[in-house]
Amino acid sequence: MMEIMIRSNSVCLYFIETEILRLDSNKIKGTIPDSIGSLLKTREIHFEYNELEGDIPDVISNLVGLQHLHLDHNKLNGDFPNWIDSLPFLGK
């Protein structure tokens, strides 16, 4: 199992062309970086079973092709934001 610490927004730049981002069960700590909003080709995000904290960033609303967003089993704050309903392909 890999351990990742998210320290800056630069981590997402390595995945800019990624359609499926699977980082589940990797002991990732920190917050979801705002740069995740630049992953415009991403259809699936799997961040479940990590140690992510903070809020779900509003920039995820930029990912209009997003079909799956898995954030369960983390330490995220609050409810899903209202913009979640504006993502046309997100499985509900």
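Taking θ as phi - 60°, what are the ³J(HN,Hα) couplings along the stretch 30-37 by the Karplus curve (6.51, -1.76, 1.60), each to the nearest whole Hz, with x for Gly and Pro?
Once rounded to whole Hz, the list reads x, 9, 6, x, 4, 5, 4, x.
Could you state the orientation-averaged shadow area of the convex hull built on the Cα atoms of the stretch 46-92, in nm² to one decimal?
Orientation-averaged projected area of the Cα hull: 3.1 nm².
Here, each number is a calculation from the coordinates, and none is a lab measurement. Quantities reported herein were computed from a predicted structural model and do not represent experimental measurements.
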